[in-house]
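Taken together, the values in this text are just the output of simple stated rules run on the coordinates, not laboratory data. Note that this is a predicted model, so its numbers are computed, not measured. Backbone-built Cβ (ideal geometry, glycine too); neighbour counts: all protein chains shown.
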Amino acid sequence: MDYLIQTAEYLMDGAVVSLKIFLVTLLISFPLGILVSILYRSNPFFKRVVSFYTWLFRGTPLMLQLFFFMFGLPAIGIPVDRMMVAYLAFIINYAAYFTEIMRSGIESIPKDQEESAAVMGASRMTIYRYIIMPQAIRKEVPTITNEVITLIKDTALVTVIAISDLLRNVKEIVSRDFTLSPFVLAAIFYLLASYLIILFFRWIENRFDFIENASEA
């Protein structure tokens, strides 16, 4: 019994680390992706910068980026902490993906809506806040959902830089005790997290539908 309790606590410690990386990444990278997608449309210079940024971080593996920040930054004299490396790599990587998702959503909105609001005197911030972004997010909810599910699974990559996340703790127990049950528990954790993410975004989608139907009525 004591063994089971100790094993569960150890796996829970790893799950907490995984959830921290997931939540910090999502809460920063998604708003950052929205901001960068707006900058993309602001002028040709930002368009080129953002295009290069998304091409670079979407075109290289997240694991490679983790290694780069972990070993590359100290090589140029910048001290790093393993958790900060994880946050930095995940935020920059996922902000690039969310930028492309939101850019696609924004560009799917008819331009005449933006032009009509501008003619009526609405500021650029007001147009984005009340007209463009709600519609863009609504259109991209399925894609955003898939990306967030990918994020919770990608947190397992931090094991390559020796962070004691859920997967690393699972591997340690399996190697030590020659049991496969921790793999089952890890699978349940990721499946449950994915299911909760789907429920959450379904609720958001239903809220958007409710607001849209109410406005039409």
**OP:** Only helices at least 30 Å long along their axis, Cα-based, and averaging 0.5 or more on Kyte-Doolittle count here, so list those DSSP H runs from the chain.
**Re:** 2-40, 82-107, 181-216
Original post:
Once both labels are modelled 7 Å past Cα along the beta-carbon direction, what's the Met84-Leu180 spacing in nm?
Top reply: 4.2
Original post:
In percent, what relative contact order does the stretch 98-143 have, based on Cα pairs under 8 Å that are 6 or more apart in sequence?
Top reply: 57
Original post:
When the scattering of the stretch 2-216 is computed by the Debye formula from its Cα atoms alone, each counted once and equally, what is log10 I(q)/I(0) at q = 0.07, 0.11, 0.14 Å⁻¹?
Top reply: -0.29, -0.65, -0.94
Subject >> Most mobile of Val148, Val24, Val85 in a GNM of the chain (Cα contacts under 10 Å) >> reply: Val24
Subject >> Largest-first principal axis extents, alpha carbons of the stretch 26-98, Å >> reply: 35, 24, 20
**OP:** List Val160, Val170, Val119, Val17 from most exposed to least, where exposure is judged by having the fewest other Cβ atoms within 10 Å.
**Re:** Val119, Val160, Val17, Val170
**OP:** Rank the residues Thr159, Thr25, Thr150, Thr143 as a footprinting-exposure proxy: fewest other Cβ atoms within 10 Å of their Cβ go first.
**Re:** Thr150, Thr143, Thr159, Thr25
Original post:
Among Ser37, Ser116, which comes first, second and so on when ranked by fewest other beta-carbon atoms within 10 Å?
Top reply: Ser116, Ser37
Original post:
Counting only residues 5 or more places away or on other chains, whose amide H sits under 5 Å from the amide H of Ser164 once H atoms are built in the peptide plane?
Top reply: none
Original post:
Among Pro61, Pro79, Pro142, whose mean-square fluctuation peaks in a Gaussian network model of the chain (Cα, cutoff 10 Å)?
Top reply: Pro79
